[in-house]
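Written out below as C-alpha cells is the structure these notes cover.
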Amino acid sequence: MSMDLWNNLALGLSVVGTWSNLAYCFAGVLLGTVVGVLPGVGPVVTIALLLPMTFGLPAVTAIIMLAGIYYGAQYGGSTTAILMKLPGEPSSVVTAIDGHAMAQRGEAGIALGIAAIGSFIAGTIAAALMALFSPTLAHFALEFGPADNFALMAFGLVGAVVLARGEPLKAIAMVLVGLAFGLVGTDVASNEERMTFGLSSLADGISFVVASMGLVGVSEIIANLEKPEGERTFQRRIGRIWPDRAALRAAWKPILRGTGIGSLFGVLPGAGASLASFTSYSVEKKIARDPSRFGNGAIEGVAGPESANNAAAQTNFVPLLTLGLPSGATTALLLGALTIQGIVPGPQIMEQKPDLFWGVIVSMWIGNVMLVILNLPLVGVWARMMQIPYRWLYPAILLFCAIGVYTVSNTTADVFLTAGFGLLGYVFIKLECDPAPLLLGFILGPLMEENFRRALIITQGDFHVFVSRPISVTLLAAATVLLITLLLPAIRRGREIAFQE
Amino acid sequence: MARTASSFAQQLRASLRQRDFLAGLLFLFLGAVTTLEGAGLHQGSAERMGPGYLPLRIGLLLAAIGLVIAIKGARGERAGVERFAGLPILAATAALTVFGFAIEDLGLIPASALLVLAARAISWRGRAVELTALVVVLAAIVVVVFRYGLGVPVPLWPTWGA
C-alpha cells in the first residue's frame, strides 16, 4: 500500500517534472494571481477568463495549469481582501475583516505573509492527505451505479442550495433555472432538439464558458460600474512581510486547525472553501482568550481562515476528480473544462489516467511552492496593480470575455449570447439571487439526466433502484432531510445569523 | 368596485418594487417558457424518458416555486429592489455586440478597438491620449496572447477584397 503510494507520487512527479509542465504550472499560478489581484475580479471570473487559454493544451498540462490558475486566483483574492477590503468571493470575506484591520495598523505585509505561509502549509498537508485517502474513496466510488451517481449529484445540488447566500427558496429556483439551461440543445437519446427556439446556434446546447462568463463576469462589470469609483480604502504601506517570532507563535496553531477544518470541508460534496473559512474563523474566535480582538486585526483571524480556504480549495479536487462532483462555482468551471478536454471525472480516472490524477496531486504541491516564491517578493507589485483604475480594467475584462468566448466555439452567436447572460446575471444580482447554484445545476443537469435514464434502463423502469441500493438511498435520504430542515423556519433563522457573522 | 380596482393597482405598483416579488415573476416566466417548450415535445414515460419529459417537469416545478416566491414577496415587508443602472448595461452589452459583429469581417484588431471604445463610451473621464493608449495596449496584448500565443485562427485586419 505504502509502496503504491510512493510509486504513484513518483509517477506524478515524472509527469509534472517536465520543463513544459512546470512552465505551464508556473504560468497558471502567475496569471491566476495577476488577474485575481485586480479589484473587482474574483476567482470565479479569473478562472472563466483564463479557461480558453488552456483548451489548446494536452489534457494533463491543461489541468495542471488550471489548478495553478485556481490557487493563484484564490491567493490573489486574499490579497485584495487584505489590502482593499474587497473580498472577491465568499471564502475571503472573513479574511477581509481582520486582514484589512491589520493593514490599517500598518501590518499589511505580515497579514499577507501569514496568509501565504498558512496557505503553503495547508496546501502541503492537504496534498499529502489527498494522496493517502483518495484511492480509498475512489475504490469505494467504483461501487457506484447510475442510481448512486444520480443520488450523489442530487445531494450535491442540495448542498449548493444550503451554501447559497440569501433565501433558500430562491436558491432552489436558481438550481432549477440551471437545470433548464442545461437541457437546451439536442437530446442525446432521441436526437431531437429541445428548447432551442429554432435557433441553430443553440443546437449544440449552451456552452458553459458562455454561461459562466456572462453570469459572473459581464454581470459583475455592470454591477461594479454603477458604484462610484474612488470609494475604496486602499492601504499603501505594506511594511515587513516575513512575520516575526511572536506572530508565528500566535499563528501556527490556527494554521494547523484551519488546515484540518479545510481538508475536511473540502471533501464533503456541496461544502466548500467558503464554509471552511467561516468555520475556521468562528472556531478561532471561540477559543481565543480575548475574542474582542477579532475584527480589530487579530492575526489568528487571517491565519486560520486562509489556511482553511486553501486546504479546502485543494481537497475539493477529491470529489471533483473521483466522483465528478463540483462543490462550488469555481470547481464547477473546472469540471466543465475537464469535459471539454474529453476527460470524464469519476472513480475510474485513477486507473485509466493515473498520470493525470497523480500529476495533478503533485502539481498542487509544486503550485503551492511557486505561490510562496512568487508572492512574498512580489507583494509590492500586486499592491501597485490594485491601483489600476477600473475604467482601464473593465474594457480589458470585456475584451478577454469576448475573445475567450469566440475562440472556444468560433461562432459570433456565442458572443451575443454572452451579452444576454451578462444582462440576466445583472438582474440576478439586483434581485439578490446567488448564481452559484445555477452554475452547478447547469453543469450537473445533463449528467443527472443521463444517470437517471441509465438507472431506469438497467432495471427496466423499476424505480426501486433508487431506494434499494444502500448508497443511493442514504444520499437521497440525506438530501431530503437537508432540504426539509433548510425550509423549516427555526433552522433558517440560525443559518441567517451564521451567514451574517 | 372601482375602489378595489384602484387599490389593487396600487398594491401591484408597490409590489413591483419588491425584490422577491420580481424574482418570483422572473422564475415564473422562465418556468412557463420551459414548460411550454417541454410540453410540445414527445413525453415518453419515466422508464423511457422522451426529450420533453424533464423540461416539462422542471418547468412546472420552477413556475410553481416562482409563484410562491412572488406571493411571499408581494406580501412580506421585504427590501425593495435597487434601481437598474441603464448606462453600464448599455455599455457592456453594446461592447460585446459590436465585437461580435466586427470580429469576422473586420478582424481582431478593429474589433478589439471597437469593443474598448464602446465600453468606454459611458465614462469618457480621462483624456483622449489615455483612451488611445488603452486601445493600443489592449489590442497589442490580445494579438500577442491569442493570435501568436494561442494560435487562434482569426484575421487581424479586414478581409474584404482578399
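Laboratory data are not the source of any read-out in this text; all were calculated from the coordinates shown. Here the structure is a predicted model, which means the values were calculated and not measured. Every residue, glycine as well, gets a Cβ built from its backbone with ideal geometry; the counts of neighbours run over all protein chains shown.
List of remarks:
- Rounded to the nearest 0.05, the FRET efficiency derived from the C-beta distance between A:Ser20 and A:Ala288 at R0 = 45 Å is 0.45.
- Pairwise centroid distance, computed over Cα atoms, of the range A:114-170 with the range A:379-410, Å: 30 Å
- Over the range B:2-75, the fraction of Cα-Cα pairs per 5 Å bin, rounded to whole percents and listed from the shortest bin up, is 4, 18, 18, 15, 13, 11, 8, 6, 4, 2, 1.
- Exposure proxy order (Cβ contacts within 10 Å, fewest to most) of A:Asp414, A:Asp98: A:Asp414, A:Asp98
- Sites B:Phe84 and A:Glu143 - FRET efficiency at Förster radius 60 Å, r taken between beta-carbons, to 0.05: 0.75
- Of the trypsin sites (Lys or Arg not before Pro) found in the range B:19-72, the ones in coil according to DSSP and having at most 16 other Cβ atoms within 10 Å of their Cβ are B:Arg48.
- Chymotrypsin sites (Phe, Trp or Tyr not before Pro) within the range A:419-465, DSSP loop, no more than 13 other Cβ atoms inside 10 Å: A:Phe463
- Between B:Val137 and A:His464, the simple spin-label model (points 7 angstrom out along Cα→Cβ) gives 6.9 nm.
- Between 0 and 90 degrees, the angle of helix A:329-340 with respect to the longest Cα principal axis of chain A falls at about 50 degrees.
- Degrees separating the helix A:59-84 axis from the principal Cα axis of chain A, which is the longest one: 40 degrees
- Spin-label model, B:Phe101/A:Glu192: points 7 Å from Cα along the beta carbon direction are separated by 3.8 nm.
- Helix B:86-106 axis, angle to chain B major axis (alpha carbon atoms, nearest 10°): 50 degrees
- Exposure proxy ranking, count of Cβ atoms within 10 Å, fewest first, for A:Phe208, A:Phe55: A:Phe55, A:Phe208
- The ellipsoid equivalent to the alpha-carbon distribution of the range A:144-201 has semi-axes of 26, 19, 6 angstrom, derived from the gyration tensor eigenvalues as √(5λ) and listed largest first.
- Over chain B, Cα pairs under 8 Å with separation of 6+ residues give a relative contact order of 20 percent.
- The length gained by stretching the chain between B:Ala64 and B:Gln11 to full extension, at 0.36 nm per residue less their Cα-Cα distance, is 16.9 nm.
- log10 of Debye I(q)/I(0), alpha-carbon scatterers only, for the range A:1-58 at 0.13, 0.21, 0.26 Å⁻¹: -0.49, -0.83, -0.99
- Which of A:Arg293, A:Arg257, A:Arg384 has the fewest Cβ neighbours within 10 Å, and the rest in rising order: A:Arg384, A:Arg293, A:Arg257
- The separation of the range A:326-358 from the range A:48-64, counted between C-alpha centres, amounts to 12 Å.
- Two-site FRET efficiency, A:Ala478 against A:Trp242, from Cβ-Cβ distance with R₀ of 41 Å, rounded to 0.05: 0.35
- Anchor A:Lys170: lysines whose Cα lies under 21 Å away (excluding residues fewer than 8 positions away in-chain): A:Lys430, B:Lys72
- The range A:26-70 - Kirkwood radius from inverse mean 1/r over Cα pairs (Å): 10.2 Å
- Calculated P(r) tail over 24 Å for the range B:1-131, as whole % of Cα pairs: 61 percent
- Descending Cα extents along the principal axes, the range B:86-149, whole Å: 35, 25, 16
- Largest-first principal axis extents, alpha carbons of the protein assembly as shown, Å: 74, 66, 64
- Structure-based [θ]222 nm, the protein assembly as shown - -39500 (n - 2.57) summed over DSSP H runs of at least 4, per residue, nearest 500: -23500 deg cm²/dmol
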